[in-house]
1. Quick test of your reading of the structure: residue 5 fulfils all but one of (1) under 19 Å from residue 216 (Cβ atoms); (2) exposed (fewer than 10 other Cβ atoms within 10 Å of the Cβ). Name the failing condition by number.
2. How about region 76-91: which of its residues are more than 17 Å from the chain's Cα centre (by Cα) and open to solvent by less than 20 Å² (accessible area, probe 1.4 Å)?
3. Check off (1) in contact with a Leu (Cβ under 6 Å, 6 or more places away or on another chain); (2) loosely packed, with under 15 Cβ neighbours inside 10 Å for residue 192 and give me the number that stays unchecked.
4. Restricting attention to region 41-66, which residues are of a type in the set (Phe, Trp, Tyr) and either over 20 Å from residue 139 (Cβ atoms) or in contact (Cβ under 8 Å) with a residue 40 or more places away in the chain (or both)?
5. Failed condition for residue 31, given (1) in a strand (DSSP E or B); (2) on the phi > 0 side of the Ramachandran plot, with all others met?
6. Which one is least open to solvent (accessible area, probe 1.4 Å), of the residues in region 11-24 that are in a helix (DSSP H, G or I) and closer than 22 Å to residue 163 by Cβ?
7. Among residues belonging to region 25-60 that are charged (D, E, K, R) and farther than 21 Å from residue 147 by Cβ, point out the one that is least open to solvent (accessible area, probe 1.4 Å).
Amino acid sequence: CSSDLLKKGLRSSSCLVAMTEQDAGEWRKLGLHVEVIPDMVHLNDGALSSLTQKRVIFVGRFDYQKRPLEMIRIWQRVFPQFPDWHLDIYGDGEQRCEVEALASELNMNIHVHLPTGEIFECYRNSSILVSTSLFEPFGLVIPEAMSCGLPVVAYDCPYGPSTLIADGENGFLVENHHADAFANQLSLLMSDENLRQRMGRTAAKSAQAYSAEKIMPMWQQLFRR
């Protein structure tokens with residue numbers, strides 16, 4: 001019933017705004033007029049990461065969508081080859097106890113942190129961002145981290161990562177649920193500083209597409225129409 005009411009309300013609207021083209025395609029199946037305007041992102045305005053720190057960073061809620069436990073399982077595959085690297089997990093939520101318990105049990109340089117207002121400093125002290133979301137309407141942390149010069153390894157889940165990441169250019173997109181493939185791509189970035197540097201430079205440039213200067217004119221044009 002609530003779904004029918006939602007569809008009725010949407011059909012009476014002049015326009016629906018989606019954040020990605022893939023998401024827009026789903027709404028257009030209902031016969032709606034849909035425009036695509038990405039999220040406006042608060043970007044790094046300081047120095048870029050040197051990408052020399054042996055640290056991987058995960059930022060997100062501790063829940064079924066963001067899947068921090070999946071990231072820890074991937075880390076189990078990676079860590080034996082890179083015992084001098086660290087995984088920093090920032091967030092909070094219903095799975096916090098499980099995340100902390102597994103991190104402590106494994107003893108694999110996994111550090112669990114509460115959310116912080118200084119997240120850009122955390123990005124700058126890291127070398128790779130990872131995202132294991134089951135689905136992601138946009139994924140704000142991806143352009144945030146990219147603006148600090150971090151390449152990203154992410155599952156190609158609906159719908160955000162494929163909009164933000166050009167596979168092989170500013171990061172890697174991995175088929176969803178393929179943990180071994182994710183571990184392989186992450187290992188490749190961890191082992192190759194030149195690759196990190198190249199992808200990181202591209203990431204910093206591509207993040208600028210989500211600045212206020214780029215996004216606000218899109219809203220202005222929409223309202224004028």
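The values are calculated or read from the model by the stated rules, or taken from the named source; none is laboratory data. Note that the structure is predicted; figures quoted are calculated from it, not measured. Cβ placement follows ideal geometry from the backbone for every residue including glycine, while neighbour counts extend to all protein chains displayed. The area values use the complete protein model at the heavy-atom level, side chains included, leaving out ligands, DNA and RNA. Shrake-Rupley method; radii C 1.70, N 1.55, O 1.52, S 1.80 Å.
1. (1)
2. Across region 76-91, the qualifying residues are 78, 85.
3. So the condition that residue 192 fails would be (1).
4. 58, 64 - these are the residues of region 41-66 that are of a type in the set (Phe, Trp, Tyr) and either over 20 Å from residue 139 (Cβ atoms) or in contact (Cβ under 8 Å) with a residue 40 or more places away in the chain (or both).
5. Exception for residue 31: condition (1).
6. Filtering region 11-24 for residues that are in a helix (DSSP H, G or I) and closer than 22 Å to residue 163 by Cβ, the one least open to solvent (accessible area, probe 1.4 Å) comes out as 24.
7. Across region 25-60, the extreme among qualifying residues is 35.
Rundown of residues vs (1) among the charged types (D, E, K, R); (2) assigned to a loop (DSSP other than H, G, I, E, B); (3) open to solvent by 60 Å² or more (accessible area, probe 1.4 Å), yes/no style:
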residue	(1), (2), (3)
66	yes, yes, no
72	no, no, no
102	no, no, no
117	no, yes, yes
121	yes, no, yes
139	no, yes, no
